[in-house]
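Report on the structure given below.
The values are calculated or read from the model by the stated rules, or taken from the named source; none is laboratory data. None of the values given here were measured: they were computed from a predicted structure. In this analysis, Cβ positions are derived from the backbone assuming ideal geometry, glycine residues included, and neighbour counts consider all displayed protein chains. Heads up: the accessible areas ignore ligands, DNA and RNA and are worked out on the full protein's heavy atoms, side chains in. Shrake-Rupley method; radii C 1.70, N 1.55, O 1.52, S 1.80 Å.
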Amino acid sequence: MNPLAVVREAGRSLGANKLRTGLTMLGMVIGVAAVVLMLAVGTGAQNQVNRAVGSMGSNLLVILSGSTSAGTLRMGSGNAPTLTTGDAEAIARLPAVQAVAPTFPGGAQLAYGVNNWGTQVLGVTPEYLSVRDWPVEAGDPISETDVRSSTRVALLGATVVEKLFDTEDPVGKTIRIRGQPFQVIGVLKKKGQSLDGRDQDDSVLVPITTAQGKLFGNRFPGTVRFMFVQAVSQAATATAEHEITLLLRQRHRIQPDADDDFTVRNLTQAAEAASATARILSLMLGAIGSISLVVGGIGIMNIMLVSVTERTREIGIRMAIGARRRDVLLQFLLEALMICIVGGLVGIALGVAGAFAVGKAMQIEVAFSASVMLVAFAVSAATGIFFGFWPARRAAGLRPVEALRYE
Amino acid sequence: MAGRFIEVEGLGKQYEAAAPGTPPALQGVTLAIGQGEFVAVMGPSGSGKSTFMNIVGLLDTPTAGAYRLNGKDVAGLSTDELAHVRNRVFGFVFQGFNLLKRISAAENVALPMVYSGTGGAERRRRAQELLAKVGLGAYGDALPARLSGGQQQRVAIARALANHPQLILADEPTGNLDTQTSNEIMDFLTSLNRETGVTILLVTHENDIAQYARRLIRFKDGRVVHDGPVTREPQPAAREKVAP
């Protein structure tokens, strides 16, 4: 029996009972589609979290100034004017530190033409953009010169641009911040939500000296509210944390038994926790998908068993008219294989389409990986073939007279 | 007597599942069948006639004795070689027709040629030729369920003839058919035997049907109790017809 004839015989046999073939295929389709869909959603969520984490900047620490207390009233962190630009410069020289971005934030009302918008204004140094991994989309970044001469220039976040300018190009225009004219020198690339869901694009960057001196008038010149510190590597974040604490205690002349007047937070830990959560979510969805795959596999096995048993007589007839054992085996193997290939492909298509639909309907990100599809496909195929092959082997092993007598 | 087509010697069959003390289904059967013979095998239910048939057709194996086909002992054949003999040398016609229900009449007829490696075009041509020969030239595309019992049995005969067999094994071929259709089928087999010289081994429990053969072998309790030419009897056989 030539190979082509075997393939055609298997195809004809499948086509002859469309309901049975369809049902067997359905198990395969659902299993593969579930895995593809679940993992697409899981991977999408993971990517989303990873991007939010990445948008924070990498290997970051944040230093907050200490709390003040007035009598028994204790204010929160960041209220005491204990961190200075001098501290920032000293920290920048530590070996484990890549860059420091001292920041002086404040709330302000912005106006352009008839539009106005209240937002957060951050006084920053040029390092801020690299530390936060936040590129300028159009125009120029804030320069050292801007900081030295506290110029009234501003970089706008995407949301602010949208609120103030509609479709107009903001670069080169003059806006008012707290009534003071600022020239827009650039627009920041859209960054999206932060891990805690804040819109990071709803902010304006100005030179830190401008914020300290001209915008938010400061009783303690040279102080900053907080600093972002970028360590040289992920592994160096802990060292950096330690070095900064030692340095600041020394610079602030804190007695050995006294509390720090600042707080150092390692943001990589938070990022890691968020990534881990996303990974677990993805794994869980994958597990649910795999269960459907197993259930689908059991479905295939059931139908295969039934179909082979039901066709024992057919096998007998085929053997009586000259089919060898291997012809019978090959036919069933091919039938299982065809079901698996077609079912697997349909399942992948359905899973991808379903993931897109879910992504669209629920406004979430979905992502696909070829390896996942391949594994889902391979597992179902293996299940189908194994459970199709095994009963066929049994039937082919019968004496023809027994198979023929089977009712 | 070397060179005879089919020779069995001391053939016996004891089913493993049979209750202890039951006599064997077949014992000590020794006979020979030559090319071109038309043999009817008769006997009541449980006489061993079907077991004999299955062993001769290589669908089952004996537990005792020897079976030589064209002088060659079949005990030494592998399962693949047995399949090859069933495919090329034998053609089966069963009581229940045993057509594959889900493929057309022509595809059923072509099936043995699929296993003998005949090309697709040649298979279709020969299937059509055989269907025309059994008078069903117009029914090639029909599914077996659409055909009458007599038509289905003709399809089965056409299938049995596909690879030019030397022996047709017909196990109660008319068992499910009415008298007129039975006679048509038997007329066809008779003319086949006469014109092509194909050997026919026919199992039946109906005297009328056995009358078509030229030689009659009777089985009882697993043994051959009669072996001789068919004697034309008048009609008392009608009584035996209702016996199981």
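Key figures
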read-out: From B:Ala106, B:Ala83, residue being closer than 29 Å to A:Glu310 by Cα and more than 7 Å from chain A (Cβ to nearest Cβ); value: B:Ala106
read-out: Verdict on A:Thr223 being open to solvent by 30 Å² or more (accessible area, probe 1.4 Å) and in contact with a Pro (Cβ under 9 Å, 6 or more places away or on another chain); value: no
read-out: Positions within the range B:166-176 being crowded, with 21+ Cβ neighbours inside 10 Å and of a type outside the set (Gly, Ala, Ser), in sequence order; value: B:Leu167, B:Ile168, B:Leu169, B:Asp171, B:Pro173, B:Thr174
read-out: Cβ-Cβ under 8 Å pairs, at least 6 apart or on other chains, the range B:196-219 side farther than 14 Å from B:Gln95 by Cα and open to solvent by 10 Å² or more (accessible area, probe 1.4 Å), far side in a loop (DSSP other than H, G, I, E, B) and of a type in the set (D, E, K, R); value: B:Gln211/B:Arg232; B:Gln211/B:Glu233; B:Arg214/B:Glu37; B:Arg215/B:Glu37
read-out: Tally, over the range A:364-407, of residues that are touching a residue at least 60 places away in the same chain (Cβ under 8 Å), open to solvent by 60 Å² or more (accessible area, probe 1.4 Å) and within 14 Å of chain B (Cβ to nearest Cβ); value: 5
read-out: Verdict on B:Arg102 being of a type in the set (Lys, Arg), open to solvent by 50 Å² or more (accessible area, probe 1.4 Å) and in contact with an Asp or Glu (Cβ under 6 Å, 6 or more places away or on another chain); value: no
read-out: Residues located in the range B:9-37, provided they are crowded, with 21+ Cβ neighbours inside 10 Å and either hydrophobic (A, V, I, L, M, F, W, C) or on the phi > 0 side of the Ramachandran plot (or both); value: B:Leu11, B:Ala25, B:Leu26, B:Val29
read-out: Tabulated pairs, the range B:125-136, first charged (D, E, K, R), second assigned to a loop (DSSP other than H, G, I, E, B) and open to solvent by less than 10 Å² (accessible area, probe 1.4 Å), C-beta under 8 angstrom, 6+ apart or interchain; value: B:Arg126/B:Ala162
read-out: Filter pass, A:Thr268 being part of a helix (DSSP H, G or I), of a type in the set (Ser, Thr, Tyr), open to solvent by less than 30 Å² (accessible area, probe 1.4 Å) and at pLDDT below 85; value: yes
read-out: Residue match in the range A:13-24 (condition: in contact (Cβ under 8 Å) with a residue 40 or more places away in the chain and buried (at least 24 other Cβ atoms within 10 Å of the Cβ)); value: yes
read-out: Hits in the range A:291-327 (condition: away from chain B (no Cβ under 14 Å), crowded, with 24+ Cβ neighbours inside 10 Å and closer than 29 Å to B:Arg159 by Cα); value: A:Met304, A:Val308
read-out: Looking only at the range B:110-124, and only at residues there that are surrounded by fewer than 14 Cβ atoms within 10 Å (Cβ to Cβ) and at the interface with chain A (Cβ under 9 Å from one of its Cβ atoms), the one that is farthest from B:Phe90 (Cα to Cα); value: B:Gly119
read-out: Residue match in the range B:81-94 (condition: touching a strand residue (DSSP E or B) at 6+ places or on another chain (Cβ under 9 Å), without any contact (Cβ under 8 Å) to a residue 12 or more places away in the chain and either hydrophobic (A, V, I, L, M, F, W, C) or outside any loop (DSSP other than H, G, I, E, B) (or both)); value: no
read-out: Yes/no for B:Ala64 being more than 8 Å from chain A (Cβ to nearest Cβ) and in contact with a helix residue (DSSP H, G or I) (Cβ under 6 Å, 6 or more places away or on another chain); value: no
read-out: Of all residues in the range B:125-162 being open to solvent by 40 Å² or more (accessible area, probe 1.4 Å) and of a type in the set (D, E, K, R), the one that is farthest from B:Gly96 (Cα to Cα); value: B:Arg125
read-out: Matching strands (runs of 3 or more DSSP E) fully within the range A:173-224 where at least 3 residues are within 13 Å of A:Ile142 (Cα to Cα) and not β-branched (Val, Ile, Thr); value: A:180-188
read-out: Residue match in the range B:181-198 (condition: outside any helix (DSSP H, G or I) and touching an Asp or Glu at 6+ places or on another chain (Cβ under 9 Å)); value: no
